[in-house]
Each structure stands twice: as structure tokens, then as C-alpha cells.
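Trainee: What follows is a single structure, and I will ask about it in a moment.
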Amino acid sequence: MKVFDHSFTKIITILAIVLALLNIVVISGYTVHERRLSRLFSIGCYFVLLLLFKGYKDKTITYVFFLLLLADIFNLYYEHHILGKLISVVKISAYFLLAKSIFSKLKLLRNTKPILLFFGGIVVALNLVFAFQIVWNTSDEMNDILDLILFLIYGIVIIGTIMISIHYNFRYHTRRSMYFVYFIFGLILSDISWFIAYFLKLFFSFYADILFYLIALYCMVRYAVETSKNDDVLLFDDEV
């Protein structure tokens, strides 16, 4: 476990509260472009905090932060059809990096393999059905067939990332693995909320989008600053 400055906890907690209030105010009374600027400002603040407290030593999280920052820059002009596609590619790359970073640790345990395969198959099937229904209902809002393909690829990638992160936490159940699960779910719930708000025209979902996003960034920074790979201690030893 890392030894870190306890002032970090106070700073990141205050920052989280301030950014949450700021974004709620901006969503309530400002334009779409200003909301996107506020989102970009928020990840910029967390990225600076990551660098100040040497979280950059976790290269995967640093790369993912950079990709998310890039996606938020592109998001300023999301309606440009090329930038919209680039955002999808960048986010798919970010999830892929996160999944890859822990995949090597996830040898299935003898007594959980059948259960994980069974429930994993159900989760994949249900999510693919849900994804196809969303695509069908929102296809008129998308620019072309490439948008639909990217959306389906994105759906498959996040399903895989969810399953990997849950198994990672189940296997290790450390503070590090819990932070990982929290920020994975935060990012995914943020993306889903944004999709609902933007394509299904449910404005209140923008609040859920930014709050889940800020929770994810908060947990990512704490994951990088407060934990290390040495924290991952196996709870089981009956590996296949």
C-alpha cells in the first residue's frame, strides 16, 4: 500500500464537491457549449491533481485520462460528424486499455468458472438485445452506418470491461480493485446517461451523466495515487 500525504484526501474531496456544484449550476442555467466546457474544465482539474500527487506513475491511468481529456475536447464540437466518430474510437480505446491492464490477473477459479460463464452469457445476451433496441429507436439520430457499427462495438467493449472488472474485484477484493470497479461503473453509467439525454431527449439525464463522470474521475485519481499493484493479494489459491 502506498504511503501518501493525507492532505490529498482533503483536497480531492473539496475538489469533488466544488466541481459537482459547479457542473449542476452550469447544466441548470447555461448553454450546451458551456456545459461541455465545464466538463472539460473538471477533467482538467482532476488531471492536474493526478500529476501533482504523482499518480502519473500508473501509466495506464495516465493514458486513459489523456484519452478522456481528448474525448472531452472533441465533444465541444460533437455535432461535427467526424469528431463524433473520433470520440467513439477514443472511448473504446480507453475501455480497452483499462480491461487489458487487469486481464492478465484474471485466471478463472475452479469453483466460479461455470457460474461466471453462465451469468456472463446472460449479461452479454441481455445487453446486446438492449443495445440493438436502442440502435433501432435512435438510428434516425445517427449520421450513418459507421455510427451504428461504432455504437455496437462500444457496447460489446463495455460489457467485456464490466465483466472483467467485477471478476477482478471478486478475486482480490482490495481497495484498489474496488476503486477500479467504481470508476468503471462511473464511466459507463455516465456514457449511458449522456446517450439517454442526448438521443432520447431526456434533459435530467445530463445531471446523472456529469455526476457519474465526476465520481469516476475521483475514483480514478484515488486508484492511481493511493494504491499500487502490490495491493492485489489473492483471496483464493485454487486457480486453473
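Trainee: Give segment 18-33 a look and list any residue that's of a type outside the set (Gly, Ala, Ser), exposed (fewer than 11 other Cβ atoms within 10 Å of the Cβ) and in a helix (DSSP H, G or I), or say none. Quick ask: steps written out before the conclusion?
Mentor: Going residue by residue through segment 18-33, those that are of a type outside the set (Gly, Ala, Ser) are 18-19, 21-27, 30-33.
With the extra rule that they be exposed (fewer than 11 other Cβ atoms within 10 Å of the Cβ), the set shrinks to 21, 31, 33.
Leu21, His33, listed by residue number.
Trainee: Shifting gears a bit: Taking the condition touching a helix residue (DSSP H, G or I) at 6+ places or on another chain (Cβ under 7 Å) and modelled with pLDDT of 80 or more, does Ser139 pass?
Mentor: Working: touching a helix residue (DSSP H, G or I) at 6+ places or on another chain (Cβ under 7 Å): yes; modelled with pLDDT of 80 or more: no.
Considered against the rule, which asks whether it is touching a helix residue (DSSP H, G or I) at 6+ places or on another chain (Cβ under 7 Å) and modelled with pLDDT of 80 or more, Ser139 comes out as no.
Trainee: Could you please let me know if Val48 is at pLDDT 60 or above, surrounded by fewer than 14 Cβ atoms within 10 Å (Cβ to Cβ) and under 23 Å from Ser228 (Cβ atoms)?
Mentor: Working: at pLDDT 60 or above: yes; surrounded by fewer than 14 Cβ atoms within 10 Å (Cβ to Cβ): yes; under 23 Å from Ser228 (Cβ atoms): yes.
Here the answer is yes, as Val48 does meet what is asked.
Trainee: Which residue, of Phe199, Phe195, Phe183, is of a type outside the set (Ser, Thr, Tyr) and either modelled with pLDDT of 90 or more or buried (at least 19 other Cβ atoms within 10 Å of the Cβ) (or both)?
Mentor: Working: Phe199 fails: either modelled with pLDDT of 90 or more or buried (at least 19 other Cβ atoms within 10 Å of the Cβ) (or both); Phe195 fails: either modelled with pLDDT of 90 or more or buried (at least 19 other Cβ atoms within 10 Å of the Cβ) (or both).
Result: Phe183 is the single residue among Phe199, Phe195, Phe183 that is of a type outside the set (Ser, Thr, Tyr) and either modelled with pLDDT of 90 or more or buried (at least 19 other Cβ atoms within 10 Å of the Cβ) (or both).
Trainee: From the set of residues in segment 158-180 that are among the basic types (Lys, Arg) and crowded, with 16+ Cβ neighbours inside 10 Å, which is farthest from the chain's Cα centre (by Cα)? I'd like the intermediate steps shown before the answer.
Mentor: Initially, segment 158-180 is screened for residues among the basic types (Lys, Arg), giving 171, 175-176.
Okay, now just the ones that are also crowded, with 16+ Cβ neighbours inside 10 Å, so 171, 176.
Values: Arg171: 21, Arg176: 15 Å.
In this case the residue turns out to be Arg171.
Trainee: Going by the conditions given, is Phe206 modelled with pLDDT under 80 and either of a type in the set (Phe, Trp, Tyr) or under 17 Å from the mean Cα position of the chain (by Cα) (or both)? Steps first, answer last, please.
Mentor: Numbers: modelled with pLDDT under 80: no; either of a type in the set (Phe, Trp, Tyr) or under 17 Å from the mean Cα position of the chain (by Cα) (or both): yes.
No: the conditions fail for Phe206.
Trainee: Let me ask another. Pairs, please: C-beta under 9 Å, at least 6 apart or cross-chain, first residue within 16 Å of Ile215 (Cβ to Cβ) and in segment 20-42, second of a type in the set (Lys, Arg)?
Mentor: Hits for this filter: Asn23/Arg35; Asn23/Arg39; Ile27/Arg35.
Trainee: Are any residues in segment 7-16 hydrophobic (A, V, I, L, M, F, W, C) and either surrounded by 11 or more Cβ atoms within 10 Å (Cβ to Cβ) or in contact (Cβ under 8 Å) with a residue 24 or more places away in the chain (or both), and if so, which ones? Before the answer, list the steps.
Mentor: The initial filter retains those residues of segment 7-16 that are hydrophobic (A, V, I, L, M, F, W, C), namely 8, 11-12, 14-16.
Once the filter is applied, which keeps residues that are hydrophobic (A, V, I, L, M, F, W, C) and either surrounded by 11 or more Cβ atoms within 10 Å (Cβ to Cβ) or in contact (Cβ under 8 Å) with a residue 24 or more places away in the chain (or both), segment 7-16 yields Phe8, Ile11, Ile12, Leu15, Ala16.
Trainee: Something else now. Is it the case, given these coordinates, that Ala224 is touching a Ser or Thr at 6+ places or on another chain (Cβ under 9 Å), within 28 Å of Ser104 (Cα to Cα) and either at pLDDT 95 or above or small (Gly, Ala, Ser) (or both)? Before you say what the answer is, go through the steps one by one.
Mentor: Numbers: touching a Ser or Thr at 6+ places or on another chain (Cβ under 9 Å): yes; within 28 Å of Ser104 (Cα to Cα): yes; either at pLDDT 95 or above or small (Gly, Ala, Ser) (or both): yes.
Yes; evaluated as a whole, the condition is true for this residue.
Trainee: Here's something else I'd like to know. Among the residues of segment 51-64 satisfying the criterion of being surrounded by 17 or more Cβ atoms within 10 Å (Cβ to Cβ) and of a type in the set (A, V, I, L, M), which is farthest from Val89 (Cα to Cα)?
Mentor: Filtering first and then ranking leaves Ile61.
Trainee: Related question: Taking only segment 37-73 into account, find how many residues are farther than 21 Å from Arg222 by Cα and more than 17 Å from the chain's Cα centre (by Cα).
Mentor: 2
The values are calculated or read from the model by the stated rules, or taken from the named source; none is laboratory data. Bear in mind the structure is a predicted one, so any value in this text is a computation, not a measurement. A quick note on method: Cβ atoms are made from the backbone with ideal geometry, for glycine too, and the neighbour counts reach across all protein chains shown.
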